[in-house]
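The values are calculated or read from the model by the stated rules, or taken from the named source; none is laboratory data. Given the structure is predicted, the values throughout are model-derived calculations rather than measurements. FYI the Cβ positions are ideal-geometry reconstructions off the backbone, even for glycines, and counts take in every protein chain you see. Keep in mind that these areas ignore ligands, DNA and RNA; they rest on the heavy atoms of the full protein, side chains included. Shrake-Rupley method; radii C 1.70, N 1.55, O 1.52, S 1.80 Å.
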Amino acid sequence: MIDLQTLVEETGAESGLSFNIDGILNESVNLEYDGNVAAMIGMILKMCLEMSEDVNNGDLKQVMIKNNDGIVVATKNQDDNCIALLSKDLSKMGLLLRRMDSVFSN
């Protein structure tokens, strides 16, 4: 089981979500409108998963969204459970990507 609060603290992210690929929220930390955010990120993951399958690129594992004001890293496992971390500090991108690569392997 993933301790979302600890994951947010370890990475220095501002907030985090645990949800399934259908956007059903399980847990959130420090996030307003968490249900809406889970639904939107779930849809993005689902669309990227379908695109990955269409181009025979293997199973989708992770999506990163970067803009001028922050980053979102969302990771899914083989059972379509998802974790997303959000940070306004772009310098944390490497740490978020590295930590999220191992989030479901522990």
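Given the condition surrounded by 12 or more Cβ atoms within 10 Å (Cβ to Cβ), at pLDDT 95 or above, assigned to a helix (DSSP H, G or I) and hydrophobic (A, V, I, L, M, F, W, C), answer yes or no: does some residue in segment 82-101 qualify?
Taking every residue of segment 82-101 in turn, none turns out to be surrounded by 12 or more Cβ atoms within 10 Å (Cβ to Cβ), at pLDDT 95 or above, assigned to a helix (DSSP H, G or I) and hydrophobic (A, V, I, L, M, F, W, C).
What number of residues within segment 7-28 are part of a loop (DSSP other than H, G, I, E, B) and open to solvent by less than 50 Å² (accessible area, probe 1.4 Å)?
Count: 4.
Select from segment 42-80 the residues that are part of a helix (DSSP H, G or I) and touching a Cys at 6+ places or on another chain (Cβ under 7 Å) and write down the one among them that is surrounded by the most Cβ atoms within 10 Å (Cβ to Cβ).
Here the residue is L45.
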